[in-house]
1. If only one of Thr99, Thr67 is of a type in the set (S, T, N, Q) and in contact with a Pro (Cβ under 8 Å, 6 or more places away or on another chain), which one is it?
2. Which residues, counting only those in segment 98-134, are loosely packed, with under 15 Cβ neighbours inside 10 Å, within 17 Å of Met69 (Cβ to Cβ) and touching a strand residue (DSSP E or B) at 6+ places or on another chain (Cβ under 9 Å)?
3. From the set of residues in segment 30-53 that are touching a helix residue (DSSP H, G or I) at 6+ places or on another chain (Cβ under 6 Å), buried (at least 17 other Cβ atoms within 10 Å of the Cβ) and within 27 Å of Leu93 (Cα to Cα), which is modelled with the lowest pLDDT?
4. If you go through segment 14-32 one residue at a time, how many are touching a Ser or Thr at 6+ places or on another chain (Cβ under 6 Å) and assigned to a loop (DSSP other than H, G, I, E, B)?
5. Has segment 33-50 got at least one residue that is in contact with an Asp or Glu (Cβ under 7 Å, 6 or more places away or on another chain) and in a helix (DSSP H, G or I)?
6. Is it the case that Asn77 is of a type in the set (S, T, N, Q) and either assigned to a strand (DSSP E or B) or at positive phi (or both)?
7. Identify, please: which residue in segment 54-65 is of a type in the set (Val, Ile, Thr) and either crowded, with 20+ Cβ neighbours inside 10 Å or under 20 Å from Lys125 (Cα atoms) (or both) and is, among those, farthest from the chain's Cα centre (by Cα)?
Amino acid sequence: MSGWSNGAAMAVEYALNTPGIAAAAVYSAPDPYQDYHDPCNQTSYPSHFTPVRILYNQCDVINICVTGMAFINGLKNRYPTELIAEGIIIDSLCQITSTCNPLCTSELGLGLIQHSRWPTSLNDKIFFDFFRQH
């Protein structure tokens, strides 16, 4: 499965809770269980350990990278041997980097620009390779 933005969050949620899904590799998915300013966040407990990979922009609207990587790290910490959960972060030039920019909380500006692009140059390396592996 794949998706972008809220559709990506739905694809991850569906993949982790539906039998028979081989893998999910998505782009710019918000955490399906909490938002940047969510006072009532929830913890995910997937019923299926479908491999997931999420590609994040280092700077994305409403801090999607920060909350999304927290979602991925939470899955990895709770299910270290049962679940493959990967988060990959890219910078403005679509180069892989290691950290999110926690200052990207606006719904406008650079975060919106990067959220609105699909990094086609990474399709094979990030998305299709993951599907081939799983």
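The values are calculated or read from the model by the stated rules, or taken from the named source; none is laboratory data. Computed from a predicted model, the values in this text were never measured in an experiment. Every residue, glycine among them, receives a Cβ derived from its backbone with ideal geometry; neighbour counts consider all protein chains shown.
1. Working: Thr99 fails: in contact with a Pro (Cβ under 8 Å, 6 or more places away or on another chain).
Among Thr99, Thr67, only Thr67 is of a type in the set (S, T, N, Q) and in contact with a Pro (Cβ under 8 Å, 6 or more places away or on another chain).
2. Within segment 98-134, Ser98, Thr99 qualify.
3. Checked segment 30-53; the qualifying residue modelled with the lowest pLDDT is Pro32.
4. Qualifying residue count for the region: 4.
5. Applying the first criterion (in contact with an Asp or Glu (Cβ under 7 Å, 6 or more places away or on another chain)) to segment 33-50 yields 49.
Pick out the ones that are also in a helix (DSSP H, G or I) and you get none.
So far as segment 33-50 goes, no, none of its residues is in contact with an Asp or Glu (Cβ under 7 Å, 6 or more places away or on another chain) and in a helix (DSSP H, G or I).
6. Details: of a type in the set (S, T, N, Q): yes; either assigned to a strand (DSSP E or B) or at positive phi (or both): no.
So Asn77 does not fit the description; no.
7. Val61
For every residue, the table says whether it meets (1) more than 17 Å from Ala9 (Cβ to Cβ); (2) polar (S, T, N, Q); (3) touching a residue at least 12 places away in the same chain (Cβ under 8 Å); (4) not in a loop (DSSP other than H, G, I, E, B).
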position: Arg53; (1), (2), (3), (4): no, no, yes, yes
position: Tyr56; (1), (2), (3), (4): no, no, yes, yes
position: Gly68; (1), (2), (3), (4): no, no, yes, yes
position: Ile72; (1), (2), (3), (4): no, no, yes, yes
position: Gly87; (1), (2), (3), (4): no, no, yes, yes
position: Arg117; (1), (2), (3), (4): yes, no, no, no
position: Ser121; (1), (2), (3), (4): yes, yes, yes, yes
position: Asp129; (1), (2), (3), (4): yes, no, no, yes
position: Arg132; (1), (2), (3), (4): yes, no, no, yes
